[in-house]
Amino acid sequence: MDQQQLNTFINQYVSMWHEADPARRREIVGALFAEDAEDYTHNLAASGSDEIIARVASAHEDWVASRGFVFRPAGNTDAHHHVIKFLWEMLPKAGGPIEARGLDIFVLREDGRIRALYQFSEPIA
């Protein structure tokens with residue numbers, strides 16, 4: 001994956017969390033994730049497209065729609081051998097301090113879609 005492909009992937013991934021239209025969000029999930037993908041956090045596991053779509057919709061409602069947060073890349077994104085490392089931040093859309101940071105590790109299939117996603121919370125320093 002070259003830098004342009006990586007940037008496109010990350011931009012599409014971040015846009016998924018911000019997408020208000022459920023049909024469009026479903027399309028983005030379908031483009032990013034394999035049908036049998038898995039998404040893990042410390043508190044949940046989502047398996048397959050339907051569970052991942054529901055998980056993204058819930059996060060969108062909880063953090064973006066209800067509380068007005070946005071997600072953005074925090075730098076140092078890298079990829080090699082079908083694995084992507086992505087650091088992100090969550091902050092109020094209107095401005096203000098960073099409220100959360102995280103590290104997402106993507107394991108990709110040969111076709112470039114996500115096979116597994118592992119999400120970690122990071123300290124706010």
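Here are a few things to note about the model shown:
- Matching option when the condition is open to solvent by 30 Å² or more (accessible area, probe 1.4 Å), of a type in the set (A, V, I, L, M) and at pLDDT 95 or above, among Ala34, Ala23: Ala23
- Filtering the stretch 15-64 to residues that are polar (S, T, N, Q) and part of a helix (DSSP H, G or I) leaves Ser15, Ser49, Ser58.
- The stretch 65-78, subset part of a strand (DSSP E or B) and touching a Phe, Trp or Tyr at 6+ places or on another chain (Cβ under 8 Å), residue farthest from Gln3 (Cα to Cα): Phe69
- Within the stretch 1-51, the set of residues being of a type in the set (Val, Ile, Thr) and touching a helix residue (DSSP H, G or I) at 6+ places or on another chain (Cβ under 6 Å) comprises Ile28, Val29.
The values are calculated or read from the model by the stated rules, or taken from the named source; none is laboratory data. From a predicted model like this one, the values you see are computed outputs, not experimental measurements. No Cβ is skipped: glycine too gets one built from the backbone with ideal geometry, and neighbour counts run over all protein chains shown. Surface accessibility is based on the protein's heavy atoms, side chains included, excluding ligands, DNA and RNA. Shrake-Rupley method; radii C 1.70, N 1.55, O 1.52, S 1.80 Å.
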